[in-house]
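For reference, the structure discussed in these notes is given below.
The values are calculated or read from the model by the stated rules, or taken from the named source; none is laboratory data. This structure is a prediction, so every number in the text was calculated from the model and none was measured. Counting neighbours? That spans all protein chains shown, and the Cβs are built from the backbone with ideal geometry, glycine included. Ligands, DNA and RNA are stripped out before the accessible areas are found, and what is left, the full protein with its side chains, is counted by its heavy atoms. Shrake-Rupley method; radii C 1.70, N 1.55, O 1.52, S 1.80 Å.
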Amino acid sequence: RVQTVAQLLQASGYRTSVTGKWHLGAEKNNLPPARGFDDSLIQADNGADNYEMRPYLPMRPEARWYDNGERLEHLPGDFYSSTAFVDRTLEFLRAGKDSQQPFFAYIAFQANHTPIQAPASFIDAYRGRYTEGWPEAYVARTENIRAMGLLAADATLAEGPSREAWDALTAEQQYFEARRMQAYAGMATAMDHEIGRLVSWLKEADLYDKTVFVVLSDNGATTSDAYDNPAARRWLESTYEREVERLGEKGSWIASGRYWGRVSNAPFAGQKFSASGGGMRVPLIIAGTEITEPDTIQRDFAYITDIAPTLLDLAGWTPQDAPAGTQTMSGSSLVPLLVPGKDTSQAGRAPVGYEFSGNAALFHGDYKIVRNLPPAGDGRWRLFNTLLDPGETRDLGEKEPARLREMQSAYASYASRAGVLPMPDDYSLGRQVIINALLFFYLPRYAPWIAAVALLILGAILVVRQRRAAAS
């Protein structure tokens, strides 16, 4: 019953395309052609190498790429993900330039997902940077965020990485960590360069002033590194290189790491997979056409489910245009917050709930309740004012118990509507990842050998039984 934003726009006369990370299933009915996209070049898994058709972690035996729903056997020799995604989008736009049809182009960059990779020229532009270490970088990041007006002057922030952790490293280790972040910055800059190519073409085609741009990240930065897992590390060492001067280049593997991940999440606590700000709060930039006040910071609450209703609203689509039986979208259009003269009040907005692997949150106005299970937290609900305390440093639960109870009740209603299932008491994300790797990576890869060994064992057992029967 789900209709994607692409299906609804397609039915309204739009040409539609998607390039990049799909991660919504590789079954035929779940690939882009069946979900409203006229043109598609996608990577179907949770991630992949940015240069070659191979997995980036021992989770699946191979990377799965699809071109308009057809499985690709190989990638071009000069392939780089960010470049390829924009190249394909530009091909799509050029092909329909004279059609007079409006377009919807969704580009899901693999930047800056692990593995951190980019052409050497973008990485080398940052040589000498980030040598000051995590603590100074964190402070500089938060001061810049304040200077941009993105934080209240008295807002409290999460604590950054410690000076002790940086000083405990050898000079060689510090150099490695600086190179790690140089690669990260290079990958972001390479993506920015490709976005620039897209913008330049739109200007040349006289389409720039007719286009709405929406730029956002999918989640907060990770603070995990597969090299910290012995089994994954053995596989990575046999598959990728890690030479410090070539970090981020083709054939190498690097993640942003525990401490740089915290810098990326400044000024928030937590990380990807947690329900804390560092796992959930991301940049959102919207510009173009009706949005006539540039460089405006909008502080009202916005959630990922608001993106599709916003785009549909800007396109003139209304819920009455939805096919019969279509599941109702849960988000709200942000157009009132974006277009001057519209009513910007969100006073009546209903609470918004979230849950992932038992980590949960509920947002209502300037307040948030959050519960993180181990190892991210202790499983207790906490109450924060996200405007005054974006770092989630002051639990207001004891000070405002009535609000905490009211929001917990609202979360319970959300969980019931959404069908949230309780997590098993012994659930472990790390253990589940290992189980998934065994089932989806190692078992398919070594199935013939396992079958051969099993047959040998079975044959040996039968021979022994026959000899015993003959002897008796």
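A few notes on this one:
- Residue in the stretch 234-275 that is surrounded by the most Cβ atoms within 10 Å (Cβ to Cβ), counting only those that are over 19 Å from the mean Cα position of the chain (by Cα) and over 23 Å from D124 (Cβ atoms): L236
One line per residue, one yes/no per condition, for (1) closer than 25 Å to N29 by Cα; (2) hydrophobic (A, V, I, L, M, F, W, C); (3) without any contact (Cβ under 8 Å) to a residue 60 or more places away in the chain:
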| site | (1), (2), (3) |
| --- | --- |
| A63 | yes, yes, yes |
| D67 | yes, no, yes |
| E70 | yes, no, yes |
| P76 | no, no, yes |
| S81 | yes, no, no |
| F92 | yes, yes, no |
| K97 | no, no, no |
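- Of residues in the stretch 104-125 being open to solvent by 50 Å² or more (accessible area, probe 1.4 Å) and not aliphatic (A, V, I, L, M), the one farthest from R246 (Cα to Cα): Y106
- Flag if G25 is surrounded by fewer than 24 Cβ atoms within 10 Å (Cβ to Cβ), at positive phi and not in a strand (DSSP E or B): yes
- Scanning the stretch 161-184 for residues that are aliphatic (A, V, I, L, M) and either more than 20 Å from the chain's Cα centre (by Cα) or under 13 Å from T131 (Cβ atoms) (or both) gives A165, A168, L169, A171, A178, M181.
- Between A322, A315, the distinction of being open to solvent by less than 70 Å² (accessible area, probe 1.4 Å), at pLDDT below 90, under 29 Å from G13 (Cα atoms) and among the hydrophobic types (A, V, I, L, M, F, W, C) belongs to A322 only.
- Single residue of the stretch 361-381 satisfying the filter (of a type in the set (G, A, S) and closer than 13 Å to G270 by Cβ) that is surrounded by the most Cβ atoms within 10 Å (Cβ to Cβ): A361
- Residue check for Q432: open to solvent by 60 Å² or more (accessible area, probe 1.4 Å) and more than 24 Å from E355 (Cβ to Cβ): no
- Odd one out for Y303 among (1) closer than 30 Å to R394 by Cα; (2) within 19 Å of the chain's Cα centre (by Cα); (3) buried (at least 19 other Cβ atoms within 10 Å of the Cβ): (3)
- Applying the condition of being part of a loop (DSSP other than H, G, I, E, B), within 27 Å of the chain's Cα centre (by Cα) and without any contact (Cβ under 8 Å) to a residue 60 or more places away in the chain to the stretch 386-421 and asking which residue is surrounded by the most Cβ atoms within 10 Å (Cβ to Cβ) yields L421.
- The set of residues from the stretch 47-74 being more than 23 Å from R242 (Cα to Cα) and of a type in the set (A, V, I, L, M, F, W, C) comprises W65, L72.
Quick grid of which residues meet (1) open to solvent by less than 70 Å² (accessible area, probe 1.4 Å); (2) in a helix (DSSP H, G or I); (3) in contact (Cβ under 8 Å) with a residue 24 or more places away in the chain:
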site	(1), (2), (3)
P135	yes, yes, yes
N144	no, yes, no
G149	yes, no, yes
A152	yes, no, yes
E164	no, yes, no
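- Screening the stretch 58-115 for residues that are among the basic types (K, R) and part of a loop (DSSP other than H, G, I, E, B) and picking the one that is farthest from T19 (Cα to Cα) gives R60.
- Meets criteria (at pLDDT 95 or above, crowded, with 19+ Cβ neighbours inside 10 Å and part of a helix (DSSP H, G or I)) for L9: yes
- Residues that are acidic (D, E) and out of contact with any Leu (no Cβ under 6 Å at 6 or more places or on another chain), drawn from the stretch 351-401: E355, D378, D389, E392, D395, E398, E400
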